[in-house]
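Everything below concerns the one structure shown next.
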Amino acid sequence: MTWGTATRTLGIFATLAIVVACARPNADGWWDEGTHAVDGYWVTEEQPCEPATDKGCTAAIETATAILQAEESAAQVTGAVTAGYPMRNGDNPNEMTFTIGGLMQPVFVILDLADGTRRTIGLHCGPGMSEDGSTLTGVTACQPAEFEVWRVTGS
């Protein structure tokens, strides 16, 4: 083996070691890219409501704001976004622990408050329903939900 070949081989192994060392989950084992903690919950990408692609975002933010106002009437909301939730948890980045389906989907709403803090409200959102149980086209309904699986424990 020549000096150049040995150097290249060593360089490849060093690069692989760095990649493996950097590919680690957060403290609770979530591997999803962009996962970060906000107000005690693990969330992924934060997205503002866009009128052209709303898809229930406004309904979620209005519901979350009403929930916060009921709990903390003095809180002043200065901004709001929806956030995704991580799905890959475990010992390696290819492990999936659960799947979610159905009409009601989990949604996190992050409310920015005037005092500089942020509140994360978990909701189940889906199509609005009429009294006879049929879905209402273009109407989104949201209810509060406690998402313990995404709570930061630091384990």
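Could you check the stretch 118-143 and list, in sequence order, the residues that are touching a Gly at 6+ places or on another chain (Cβ under 6 Å), touching a residue at least 12 places away in the same chain (Cβ under 8 Å) and over 15 Å from Val107 (Cβ atoms)?
Correct list: Val139 only.
Only one of Glu72, Glu46, Glu62 is surrounded by fewer than 19 Cβ atoms within 10 Å (Cβ to Cβ) and more than 14 Å from Val109 (Cβ to Cβ); which?
Selected residue: Glu72, the only one of Glu72, Glu46, Glu62 that is surrounded by fewer than 19 Cβ atoms within 10 Å (Cβ to Cβ) and more than 14 Å from Val109 (Cβ to Cβ).
Only the coordinates and a few stated rules stand behind these numbers; no lab work does. These numbers were taken from a predicted model, which means no experiment stands behind them. Quick reminder, even Gly has a Cβ in these numbers, built from the backbone with ideal geometry, and neighbours come from all protein chains shown.
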